[in-house]
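Sharing a structure with you now.
The values are calculated or read from the model by the stated rules, or taken from the named source; none is laboratory data. Quantities reported herein were computed from a predicted structural model and do not represent experimental measurements. Quick reminder, even Gly has a Cβ in these numbers, built from the backbone with ideal geometry, and neighbours come from all protein chains shown. Remember, those area values only see protein heavy atoms, side chains included, never the ligands or the DNA or RNA. Shrake-Rupley method; radii C 1.70, N 1.55, O 1.52, S 1.80 Å.
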Protein chains: 2
Amino acid sequence: MSIRSHFSAHRVLITAGILVAACVSPVKSPQAQSLGELQTSSTPLVLKAQGSFFVGGEKVEQTKGELGNLGPGGHITVNQMYVRYMVPQQGGNLPMVLVHGATLTGKTWETTPDGRMGWDEYFVRKGYPVYIPDQVGRGRSGFNQGPFNNVRAGAATPASQPELFRFSDENVWTNFRFGPKPGVAFDDNQFPVAALDELSKQAVPDLNRGLPTPTPTIKALSSLATQLNGAVLVGHSQSGSFPLAAALLDPKVTKALVLVEPGTCPANYTDDQVKALATVPVLVVFGDHRTNPTGLPTLPTWQARFEECQKLIERLKTAGGDAQMLDPADRGIRGNTHMIMQDRNSLQIADLILQWLSERAGKQGARQ
Amino acid sequence: MSIRSHFSAHRVLITAGILVAACVSPVKSPQAQSLGELQTSSTPLVLKAQGSFFVGGEKVEQTKGELGNLGPGGHITVNQMYVRYMVPQQGGNLPMVLVHGATLTGKTWETTPDGRMGWDEYFVRKGYPVYIPDQVGRGRSGFNQGPFNNVRAGAATPASQPELFRFSDENVWTNFRFGPKPGVAFDDNQFPVAALDELSKQAVPDLNRGLPTPTPTIKALSSLATQLNGAVLVGHSQSGSFPLAAALLDPKVTKALVLVEPGTCPANYTDDQVKALATVPVLVVFGDHRTNPTGLPTLPTWQARFEECQKLIERLKTAGGDAQMLDPADRGIRGNTHMIMQDRNSLQIADLILQWLSERAGKQGARQ
């Protein structure tokens, strides 16, 4: 009960800007909210298969100390990528691989913070097999604990230990573009901010700064697409450019690339790289409020990222590619955020992506 | 390809004891194995619902440094518990909550290392809604990165940082009782040791030594059972006693407790606690080879744990409880291991548990 009180007090604190709305309905504890508000579809989900597996990984030998003094030294696996999948009974569409962004896990694509169906299930219901990884170094993919234990034991300098980063709730308000400042939502904001505490729970420490460069996730994505005999790669935010990088390893197995609010569209690709990427259809998706209409200096980068992606799209088109920007605001759909797959109109956005996809990437060939 | 070569070499190394078997069939890379060998059931899985949510969690305020220098200081959530669920279209049985053991995640209960159906799907197919958490501090539940970043920045002493422990592959051979020493399987061993590299990938760093005592997972399990209007709690190894601890918080919502290879059956319960626990049916499940038939001093503890649990069972029965030991060897089923839910006869063991359960815990009342 003490946690419940703590949460309620906090919610009032951080949502001071929308306090009027918060006062209209009783403030619920996040615990009660999460299970009680889960929505169930009126039609069953019929799966041919579901389960999980790993892609990639390397063996390393560690000392007793590196293993946290649990038994003697020995071998462990690092840099593996966990993948959960659902294959619809009816379908035969290309598999889709959905990769999450910074400080998050595959949970990004599952049930939304306010209990609605995630893109994972929606795409399956539309006939697409769906594969959801946790990036290497995060969530169920685990990470290499050796460097941390060495520092703890005095066997390595503290600075040698990777920095683990994480967004604060306050940072999320502006950086994910729910509003111009913490607690104040844009008038047309599409993110369910009343369930923001549930998004906060999705965050885990991000180890990407401590991983090999480029992150092993990229090779694992390419390997997964190969094993699937071709797949659509979808990245978000931090992983927004991963589909491009994976495609460069083997463009043939990447049947389409969807970059959702990418943190970057690299400007330094060579002409040969652009030529290779131009063989794969590319869709870039951005939400609204990329510049700050209030004039507050809280949102400096998203419009710059949007423009960087426009430039890449132009390069791909010049090289004969099929590349396109999906900006829902162009269609009168306003208020979408960085967490567009969790926005209230998330399935409307999903439909726009599926429409683009169905016009380009055909049914799967060899498999199924 | 270098990873593939590396793995092959390693497999020969660590499976020297079963080298004859390994040489008969070509050695596959774990990457190719994991997806290519996934087995698909001949009948579809029909779900009323699936998704994920969180239970519990607390807000803490952190400095810029504690957040890994990603924006200014602010609030984050810690000690939340991620839960994935599947509800069968047909069923109406009590929900089952399956909790994993040390250095592992909810992956424990999903697809087995050699690609067979996990207990998660099997129980759903038998009409039970299934809820799979990641323990607080692990996997998709995340952990508090603040203490680590403080050490890195010199703001705290290295020794203040939690130790992160993990089993080595070699340790697993004996501690999980696949065989008397690394690379040598018991003649009747039920674990699919040819897929041992896939089990190795399931391991993640275990932060439990750095969590509050008792772990917040226990309160979250009780809260989950309350929200579900009653549930069967299943623990394994490290979490083997968690169902007991959760039941003590509110015995009414724990409809049955299944302790799979528990790391402990506490001997220090008061008579009042035993009386409370005696209101809930309890099943303890242990695998084979708890003492080492070869006489090697590698397996000192499992028979002791078994005997400790037998004593608790006797205390519960004396207090009027319905408590029972399931030792498959008593029924002529030999060679089961600590990872009994992944053993080759895992569904045979599942059936024994479901039989016990169906005789005790009735259909769900208020829900569904």
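Based on the Cβ-Cβ distance from B:Lys181 to B:Ala267, what FRET efficiency comes out when R0 is 22 Å, to the nearest 0.05?
Using R0 = 22 Å, I get an efficiency of 0.10.
OK, next. Please give the FRET efficiency for A:Thr63 paired with A:Arg209, using the beta carbon to beta carbon distance and R0 = 30 Å, rounded to the nearest 0.05. Write down the numbers at each step before the final one.
On the way: r = 24 Å, r/R0 = 0.80.
E between A:Thr63 and A:Arg209, to the nearest 0.05, is 0.80.
Cut-off 10 angstrom, C-alpha nodes, Gaussian network model of chain B. Which of B:Gln89, B:Gln238, B:Gln324 fluctuates the most?
Comparing B:Gln89, B:Gln238, B:Gln324 in the GNM, the peak value goes to B:Gln89.
Most mobile of B:Ile313, B:Ile349, B:Ile76 per a Gaussian network model of chain B (Cα springs, under 10 Å)?
Most flexible of the set in this elastic network: B:Ile76.
Which of the three applies to chain B, rounded, prolate or oblate, going by the alpha-carbon gyration tensor with a ≥ b ≥ c and a/c under 1.5 meaning rounded?
It is rounded, given that a/c, with a ≥ b ≥ c, falls under 1.5.
At 7 angstrom along the Cα-to-beta-carbon line, where would the label on A:Val60 sit relative to the other copies? Give the distances in nm, shortest first.
Relative to the other copies, A:Val60 has label-point distances of 2.5 nm.
Something else about it: Carbon and sulfur: what percent of the protein assembly as shown's accessible surface (1.4 Å probe)?
54
Given a cut-off of 21 Å, name the pairs among B:Lys219/B:Lys317; B:Lys126/B:Lys252; A:Lys126/A:Lys317; A:Lys201/B:Lys201; B:Lys252/B:Lys275 whose C-alpha atoms lie farther apart than that in the structure shown.
In this structure, B:Lys219/B:Lys317; B:Lys126/B:Lys252; A:Lys126/A:Lys317; A:Lys201/B:Lys201 exceed 21 Å between Cα atoms.
Here is a follow-up. Go through A:Ser168, B:Ser42 and list them by solvent-accessible area, largest first, probe radius 1.4 Å.
Largest accessible area first, the list is B:Ser42, A:Ser168.
Now for a separate question. One decimal, nm, shortest first: give the distances between the label point of A:Pro214 and those of the same position in the other copies, each label point 7 Å from Cα along Cα→Cβ.
Its label point is 4.7 nm from the equivalent points in the other copies.
Given the DSSP H assignment, sum -39500 (n - 2.57) over each helix run of at least 4 residues in chain B and divide by its residue total; what's the result at 222 nm in deg cm²/dmol, nearest 500? Display every interim value, and only then the final one.
On the way: 12 runs with 112 residues, N = 368.
After summing the helix terms and dividing by residue count, I get -8500 deg cm²/dmol.
Relative to the other copies, what are the label-point distances for B:Gln89, with labels 7 Å from Cα along the C-beta vector, expressed in nm at one decimal and sorted shortest first?
Sorted ascending, the copy-to-copy spacings read 0.5 nm.
Please give the net charge around B:Val204, taking every other residue with its beta carbon less than 11 angstrom from that of B:Val204, where Lys and Arg add +1 and Asp and Glu add -1.
+4
In addition: Inside 10 Å of the C-beta atoms of B:172-184, what's the mean count of C-beta atoms belonging to other chains?
Across B:172-184, the average partner-chain Cβ count within 10 Å equals 1.
In addition: Under 1.5 on a/c is rounded, so check that first for the stretch B:94-248, then, if it is not, pick prolate when a/b is larger than b/c and oblate when it is not; a ≥ b ≥ c are the square roots of the alpha carbon gyration tensor eigenvalues.
Because a/c hits 1.5 or more and a/b fails to exceed b/c, the stretch B:94-248 counts as oblate.
Work out which residues of the stretch B:186-229 lose at minimum 20 square angstrom of accessible surface when the other protein chains are put back, relative to the chain isolated, with a 1.4 angstrom probe, and list them by number.
In the stretch B:186-229, residues shielded by partner chains: B:Ser200, B:Lys201, B:Val204, B:Pro205, B:Arg209, B:Lys219, B:Gln227.
Also: Considering the options B:Phe176, B:Gly335, B:Gln238, tell which one lies farthest towards the positive end of the dipole of chain B, charges being +1 on Lys and Arg and -1 on Asp and Glu at the Cβ, about the Cα centre.
Value computed over the given set: B:Gln238.
Summarise the partner chain shielding of B:128-135 as one whole number: the mean count of Cβ atoms from other chains within 10 Å of each residue's Cβ.
Going residue by residue through B:128-135 and averaging, the value is 1.
How many partner chain Cβ atoms sit within 10 Å of a residue's Cβ in peptide A:61-69, on average, as a whole number?
Partner-chain Cβ atoms within 10 Å, mean over residues of A:61-69: 4.
Using the Cβ atoms and a cut-off under 9 Å, what net charge is assigned to the surroundings of A:Thr112, where Lys and Arg are +1 and Asp and Glu are -1?
Residues close to A:Thr112 contribute a combined charge of -2.
Another question, then. Ordered by residue, what ³J(HN,Hα) values in Hz, to whole numbers, does the stretch B:236-243 give under the Karplus form 6.51 cos²θ - 1.76 cosθ + 1.60, where θ = phi - 60° and Gly and Pro are x?
9, 6, 3, 8, x, 8, 4, x
While we're on this one: Can you give the FRET efficiency for A:Arg360 and A:Thr301, using 1/(1 + (r/R0)^6), R0 = 22 Å, r = Cβ-Cβ distance, to the nearest 0.05? Before the final figure, lay out each step's value.
Numbers: r = 29 Å, r/R0 = 1.34.
The value I calculate is 0.15.
If I build a Gaussian network model for chain A, linking alpha-carbon pairs within less than 10 angstrom, which residue out of A:Asn93, A:Asn69, A:Asn175 has the largest mean-square fluctuation?
Checking each option, the largest mean-square fluctuation is seen for A:Asn69.
Would you mind working out the accessible area per residue for chain A, using a 1.4 Å probe, and quoting it in Å²? Walk me through the numbers on the way to the answer.
On the way: 12840 Å² over 368 residues.
Value returned for chain A: 35 Å² of accessible area per residue.
What distance in nm lies between label points placed 7 Å from Cα along the C-beta direction at B:Arg344 and A:Arg334?
Result for the modelled spin labels: 6.6 nm.
Pull out a ≥ b ≥ c, the square roots of the eigenvalues of the alpha-carbon gyration tensor of the protein assembly as shown, then state rounded if a/c is under 1.5, prolate if not and a/b is larger than b/c, and oblate in the remaining case.
prolate
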